[in-house]
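Structure record follows, encoded as structure tokens.
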Amino acid sequence: MRYLTFALGKGRLAKHTLELFEKIGITCDEMKDENSRKLIFTNEELKLRFFLSKGPDVPTYVEYGAADIGVVGKDTILEEGRKVHEVMDLGYGSCRMCVCGPLKAAPLLENHEIIRVATKYPNIAKDYFYNTKHQTVEIIKLNGSIELAPIVGLSEVIVDIVETGSTLRENGLTVLEEVCPISARMIVNPVSMRMDSDRIRDLITRLRTVI
Ligand SMILES: Nc1ncnc2c1ncn2[C@@H]1O[C@H](COP(=O)(O)OP(=O)(O)OP(=O)(O)O)[C@@H](O)[C@H]1O
Ligand SMILES: O=P(O)(O)OC[C@H]1O[C@H](OP(=O)(O)OP(=O)(O)O)[C@H](O)[C@@H]1O
């Protein structure tokens, strides 16, 4: 039997993902050692391999077949646009992708004005403004602390993740429009899905029982 390889997004989702796999008897204790610099971990008994990578790299590994299965946020799947099958909503990592800004920016979204939109998610923002709203905008790519942009005058609005809303509140900003709901998803390489369909379907069935 060949190894099934999992690419798991680092950061916020990783702990939940490992806990979920543990619930169905898939453990990889080595992965929990935060001091280790080892990158890939093997469960010999179940013929599984796991590695953690930056979230945006997960769909890349899965599209190329370097990983059979990936776990990553819906935001990353939409932004990366890779050819992968999204097979399951895992339920955790819930948040919303939103257009946010100061309340005074709300009319700018109604009148088809050319506004500046700062975001870590240029593809999601472009798709939303061009294809859903039919509004021409200038997209400004940032890499973090997106809420700063409208405060310092870099952009009129932002497209970003809202979870509890505290970052917005503490900075005098608000949700102006919702783009889509986000949560952790399981993705599968299309060829692996055919070649190992029994094992992958069994995994999905077992995960469904604990979600
Ligand atoms: N409050 C939140 N902020 C950001 N992501 C969240 C939040 N709540 C849930 N998520 C989900 O968790 C995923 C991973 O978030 P995390 O911040 O760890 O990764 P990241 O944004 O790639 O991090 P970094 O830029 O620090 O490498 C996101 O892609 C998203 O799906
Ligand atoms: O609604 P809240 O619960 O406040 O969460 C939303 C915030 O969390 C994320 O930022 P993150 O902490 O990942 O930092 P970053 O801005 O550097 O990406 C996101 O980009 C928002 O800024």
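The set of residues in segment 1-24 being of a type outside the set (Lys, Arg), under 20 Å from Tyr92 (Cα atoms) and touching a residue at least 40 places away in the same chain (Cβ under 8 Å) consists of Phe6, Ala7, Leu8, Gly9, Gly11, Leu13, His16, Thr17, Leu20, Ile24. Among all residues of segment 33-53, there is at least one that is under 22 Å from Pro122 (Cα atoms) and in contact with a helix residue (DSSP H, G or I) (Cβ under 9 Å, 6 or more places away or on another chain). Applying the criterion of at least 3 residues that are surrounded by fewer than 16 Cβ atoms within 10 Å (Cβ to Cβ) to the helices (runs of 4 or more DSSP H) found wholly in segment 103-211 leaves 148-152, 166-170, 190-195, 197-210. Set side by side, the residues Asn43, Asn35 differ, and just one is among the polar types (S, T, N, Q), out of contact with any Phe, Trp or Tyr (no Cβ under 9 Å at 6 or more places or on another chain) and modelled with pLDDT under 95, which is Asn35. Among residues of segment 158-176 that are more than 8 Å from ligand 1 (Cβ to nearest atom) and of a type in the set (S, T, N, Q), those with a beta-carbon under 9 Å from a residue that is open to solvent by 50 Å² or more (accessible area, probe 1.4 Å) and not in a loop (DSSP other than H, G, I, E, B) at least six positions away or on a different chain give the pairs Asn171/Leu148; Asn171/Ile151; Thr174/Leu103. Remark: Glu86 falls outside the filter, which requires a residue to be surrounded by fewer than 24 Cβ atoms within 10 Å (Cβ to Cβ) and closer than 21 Å to Val137 by Cα. For Ile187, the criteria (1) under 15 Å from Glu79 (Cα atoms); (2) not assigned by TED's automatic domain parsing to the domain that holds Ala67 hold in every case but one, which is (2).
The residues in segment 18-51 that are open to solvent by 50 Å² or more (accessible area, probe 1.4 Å) and assigned to a strand (DSSP E or B) can be counted, and the count is 3.
Hey, any hits in segment 133-141 for a residue that's outside the structural domain of Leu46 (by TED's automatic domain parsing), touching a residue at least 60 places away in the same chain (Cβ under 8 Å) and under 29 Å from Thr60 (Cα atoms)? Checked against the condition, which is being outside the structural domain of Leu46 (by TED's automatic domain parsing), touching a residue at least 60 places away in the same chain (Cβ under 8 Å) and under 29 Å from Thr60 (Cα atoms), segment 133-141 yields no hits at all. Filtered by the rule that a residue be in contact with a helix residue (DSSP H, G or I) (Cβ under 8 Å, 6 or more places away or on another chain) and part of a loop (DSSP other than H, G, I, E, B), segment 2-17 gives a lone residue, Lys10.
Within segment 57-76, one or more residues are closer than 30 Å to Thr27 by Cα, open to solvent by 20 Å² or more (accessible area, probe 1.4 Å) and of a type in the set (Gly, Ala, Ser).
The values are calculated or read from the model by the stated rules, or taken from the named source; none is laboratory data. These numbers come from a predicted model, not from an experiment. Reconstructed Cβ throughout: ideal geometry from the backbone, glycine too, with neighbour counts over all protein chains shown. SASA here: full protein model, heavy atoms, side chains in, ligands and nucleic acids out. Shrake-Rupley method; radii C 1.70, N 1.55, O 1.52, S 1.80 Å.
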